[in-house]
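The structure appears right after this line, and notes come after that.
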Amino acid sequence: MPERTFRMLCNRIIIMAVRALVSWMTISVLFQLVQAQGGDWKNYTDMKSIRAVATSNNVLWAGTSGGLFKFDPADSSYQKYTNAEGLSTNDVTALLIDSNGDVWIGQANGAIDVYYPKTDTWRHISNIADDKTKTNRTINALYQYGEKIYIATGFGLTVFSIPKFEFSDTHLGFSTLINPQVLATHIFQNKIFVATSGGVVSADLNTPNLTDPRAWQIVSSVTTVNKFAVFNGELFASSSSGLLKYQANSFVVVSGVTASVRIIASVDTALLYADNQFIRSLTVTSNSVLSGTLPSSITDGVLTTSRDVFVGFADFGIGKYNKTTSGWQYYYPNGPFSNSFYSILVDDNNVLWAVSGRANGKGFYSFDGVRWKNYNTANTSLLLSNDCFAIGLGPNNSKWIGTWGEGLMLVDNKGIVTNRFDYFNTGFIGVIRTGTGLPSYTVPGKIAVDQSGAVWVTIYASIDRTKVLWKMKPDGTWESFAGSPFGPPSFMHNIVIDQNNTKWFINTVPGRAADGGSSVVFYNELKNLMPGRTDGWGTISANEGATSQSVYSVVVDKSGDVWLGTGSGVTIITEPNNPLTRISQVFLGAIRDQVVQSIAIDPLNNKWLGTKQGVFVVSPDGTQLLEQYTVENTNGKLLDNNILSIAFDKKRGIAYFGTEKGLSSLKIAAVETKTSLSTIDLSPNPVYLSDHASVEIRGLVDESTIKVLSIYGKVLKQFPAQGGGRAFWDCTDGEGNRVASGIYIIVAHDRTGTQVASAKVAVVRK
């Protein structure tokens, strides 16, 4: 081999090695940034759906579909508890405050959490939840008798010793009933009564072996008993068949109370219960009404020591009837009106916005970091439907909300709903509305803004194929365009616009199957990007590199590449100006077959992929898996593995994950870069090399360069900032050697060198 050729080959090998090393170092930095604060989770849930209520010292505790909260009527204060604050899960189904004042919380998955308010500590009982041989492990009720907790579950009755903190017995059979669901338990006159899905059974408490089904006898065929209580020396039970009273070894219906009821509490002079209309008081001589009409079904209730009646509603939180005003007062902590976060974004004011979904929606909501504000048909006159499923950020920090059937809502910078665009005031053509003959049932998708400031939106399933795509110009006038010639127009849901003003379309939304004939399509009204076509439309087939024709999400990254989240991984368009020339895929095995429902880009250009199996964080080019977050590996801090949406608060450094079980947030190291460079912050300062690996440099602009100088002005090291408004100096010189103890000057400048800032840091070697 000629010497020159040999040298060139050696040089190429060296260059490739250096590039590989730089790539490895870059990935290492990105990985560190993603993981920097990986444990700081918070969860946000709706706590209006009450499943259980308990009281102690006039303080109320409520178990909800979104966790647990404590309410003190004396000062109207709330304390919320989710799985980020100690719960195993947020799906609370049962609640008990024991004789020590400790709070026992039963969960839908069988977990039991015990909270000790005096020490603010938790203990967890996972035996039932971990027993996969039981198909129904729900904790339906908790009852204390002596030093034992009787646990009503979906498969039987278990008994737990408080002093030993262990299970003592499990009862699976009751007379002829085998493995019934247990709904409630009570001990009365030395007998244990158990309400099951097969009827009510009882047994003598002193029977040597209660695990023997023959020790039990069926005392009622009613299968819907939900609670027991003792009043006037007699045992009562509430059910969907009416109020029952135990007498002569069986339960009989109380005269006049044959509708579905739920016992609230008993006192010396009365038994309090609720039917479908009112709260009532049953005494020895009368049955009277204590409240106005119930606004919703009651799920539980308590009587405080001050004789106030509080009840739990399925939709309105805790309620108390005010006789003075003849109205209900509702109590629940501030939060979103739903646990569904179908789509989310963070606006220019760092306010989070979310929509609740296309079916059984609860409107939309915003969160400024302190309080939630909810928008729905009850408090927003322009909003005609609570089925809000799409949200996009428009000009001047406006928010655009797409509803399923009632047009497009416009919210201004101040959070005020200012307009509705629909069939009547804009001309959107949807489908025929039942009973009207008009195509006024319009479903606008997520909007996008082009480089001229125009707003683009699609109308799903429009009966007029010439008016599927709409554009609102900066002057407020609208223009319509025909839909895609590739497949039916019904598949066009949301839009993303790249740097070339090309529109990319989402054809599938979570929870809804793709319409037949859907395909990956793009459109540019100004130029033709697909050979052989003159109408601006184009499509990408599987043969050309598309991983799937079902597109759930689209983003344009910081390099201008278009990432398509599909039903089978990720497709990357690396030349959007000529889409068919360079198409690649994320080949990582963990990503390849995932349904990628959401993609978000952090300030470092990392891609955060929301799938049905959690969150995957990949490097800017998609070749490295930096992190994965699931319910399992976060110990439940991530609320659900089915991730519908992801958004970033770049200023505060927060990643938000929208699910059907609430909103999870995670503090991350990557934050937004500044627009101007005036000062920089160094941390830690001083830096002790035995304790810290690097110095963090904050307050940078995009494409900053860092120089490290000695106190005498000698340049010891120079490197580009890693991104996200931050850089990290590892306290080494240009040759990789640790620097000596002393004062060093950190200088940062922008790409042109016109903006410069500096600061000093002390390095101490121990």
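Coordinate-derived values only; no laboratory data. As the structure is a prediction and not an experimental result, all values here were calculated from the model. Every residue, glycine as well, gets a Cβ built from its backbone with ideal geometry; the counts of neighbours run over all protein chains shown.
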* With charges only on Cβ, +1 for K and R and -1 for D and E, what is the dipole size of the chain about its Cα centre, in debye, rounded to 20? -> 580 debye
* Structure fact -> Diffing the range 355-360: the Karplus 3J(HN,Hα) column from phi (6.51, -1.76, 1.60, θ = phi - 60°), in whole Hz with x for Gly and Pro, holds 10, 9, x, 8, 9, 6
* To do: Determine the gain in length on full extension of the stretch ASP130-SER76; use 0.36 nm per residue of separation and subtract their C-alpha separation, reporting nm with one decimal.
  => 15.7 nm
* Which part of the range 720-746 falls in the paramagnetic zone of LEU689, meaning amide N under 14 Å from the point 7 Å along Cα-to-beta-carbon? -> 730-744
* Structure fact -> Computed from the beta carbon distance with a Förster radius of 51 Å, FRET efficiency for PHE424 and THR675 to the nearest 0.05 stands at 0.75
* Structure fact -> Scoring only Lys, Arg, Asp and Glu (+1, +1, -1, -1) among other residues with Cβ under 13 Å from the Cβ of TYR688 yields +2
* Structure fact -> The farthest towards the positive end of the charge dipole of the range 284-391, of the residues ILE318, SER291, ASN386, given +1 on Cβ of Lys and Arg and -1 on Cβ of Asp and Glu, is SER291
* To do: Using volume of the Cα convex hull per residue in Å³ as the read-out, say which of [x] 241; [y] 169; [z] 197 was calculated from these coordinates.
  => [x]
* Asked: Tell me, ILE601, ILE459 in order of fewest to most beta-carbon neighbours within 10 Å?
  -> ILE601, ILE459
* Given H placed 1.01 Å from N in the peptide plane, which residues other than close sequence neighbours of TRP372 have an amide H under 5 Å from its amide H? -> GLY335
* Distance (nanometres) between label positions extended 7 Å along Cα→Cβ at PHE278 and GLN451 -> 7.1 nm
* Nearest 20 debye, what's the magnitude of the dipole of the range 673-766 about its Cα centre given +1 on Lys and Arg Cβ and -1 on Asp and Glu Cβ? -> 220 debye
* Local net charge near ALA237, Cβ-Cβ under 9 Å (Lys/Arg +1, Asp/Glu -1) -> +2
* Structure fact -> With a ≥ b ≥ c from the Cα gyration tensor eigenvalues, square-rooted, and the rule rounded for a/c under 1.5, otherwise prolate when a/b > b/c and oblate otherwise, the range 262-317 is oblate
* Structure fact -> For LYS148, counting only aspartates and glutamates whose alpha-carbon sits under 18 Å away and dropping same-chain residues fewer than eight positions off, the answer is ASP98, ASP102, ASP113, GLU166, ASP169, ASP204
* Asked: What does the charge add up to near ASP561, with Lys and Arg as +1, Asp and Glu as -1, over the other residues with Cβ less than 12 Å from its Cβ?
  -> -1
* Rank ILE218, ASN633, ALA590 by how far each Cα sits towards the positive end of the charge dipole of the chain (+1 on Lys, Arg Cβ; -1 on Asp, Glu Cβ) and give me just the farthest. => ALA590
* Take each of the peptides 696-703, 747-754, 358-365, average the number of other beta-carbon atoms within 10 Å over its residues, and list them starting from the highest. => 358-365, 696-703, 747-754
* Asked: Among rounded, prolate and oblate, which fits the range 418-524 when a ≥ b ≥ c are the square roots of the eigenvalues of its C-alpha gyration tensor, a/c under 1.5 means rounded, and a/b larger than b/c means prolate?
  -> oblate
* To do: First measure r as the distance between the Cβ atoms of SER99 and THR534, then evaluate 1/(1 + (r/R0)^6) with R0 = 56 Å and state the FRET efficiency to the nearest 0.05.
  => 0.10
* To do: Give a residue-ordered list of calculated ³J(HN,Hα) values for the range 557-573 (Karplus: 6.51 cos²θ - 1.76 cosθ + 1.60, θ = phi - 60°; whole Hz; x for Gly, Pro).
  => 7, 5, 8, x, 6, 9, 9, 10, x, 10, x, 8, x, 10, 10, 10, 9
* Asked: Can you sort SER260, SER664, SER306 so the residue with the fewest Cβ neighbours within 10 Å comes first?
  -> SER306, SER260, SER664
* Asked: Put a dot 7 Å past each Cα toward the Cβ at LYS707 and ARG433; how far apart are the dots in nm?
  -> 6.7 nm
* Hz values of 3J(HN,Hα) by residue in the range 217-234 - Karplus curve (6.51, -1.76, 1.60), Gly and Pro given as x -> 10, 7, 10, 7, 8, 5, 9, 10, 5, 10, 6, 10, 7, 9, 9, 6, x, 10
* Structure fact -> For the chain, whose charge dipole is built from +1 on Lys and Arg Cβ atoms and -1 on Asp and Glu Cβ atoms, the candidate among TRP122, TYR375, ASN737 with its Cα farthest towards the positive end is ASN737
* Asked: Gain in length, ASN350 to SER758, computed as 0.36 nm per residue apart minus the alpha-carbon separation, to one decimal in nm?
  -> 144.0 nm
* Label the range 360-474 by shape, choosing from rounded, prolate and oblate, from the square roots a ≥ b ≥ c of the eigenvalues of the Cα gyration tensor; if a/c is under 1.5 it is rounded, and otherwise prolate applies when a/b is larger than b/c, oblate when it is not. => oblate
* Asked: Between PHE428 and residues 5 or more places away or on another chain, which pairs have amide H atoms under 5 Å apart, with H built 1.01 Å from N, and which residues are they?
  -> ASP422, TYR423
* To do: For LYS362, list the lysines whose Cα falls under 26 Å from its own Cα; do not include residues on the same chain fewer than 8 positions away.
  => LYS42, LYS48, LYS70, LYS80, LYS320, LYS373, LYS399, LYS414, LYS446, LYS612, LYS637, LYS661
* Hits among aspartates and glutamates - C-alpha to C-alpha of LYS503 under 12 Å, sequence gap 8 or more where chains match -> ASP450, GLU525
* Structure fact -> Once amide hydrogens are built 1.01 Å from N within the peptide plane, the residues lying 5 or more places from PHE188 or on another chain with amide H under 5 Å from its amide H are PHE193
* If you keep only loop residues by DSSP, which trypsin sites (Lys or Arg not before Pro) in the range 92-138 have at most 13 other Cβ atoms within 10 Å of their Cβ? -> LYS118, LYS132
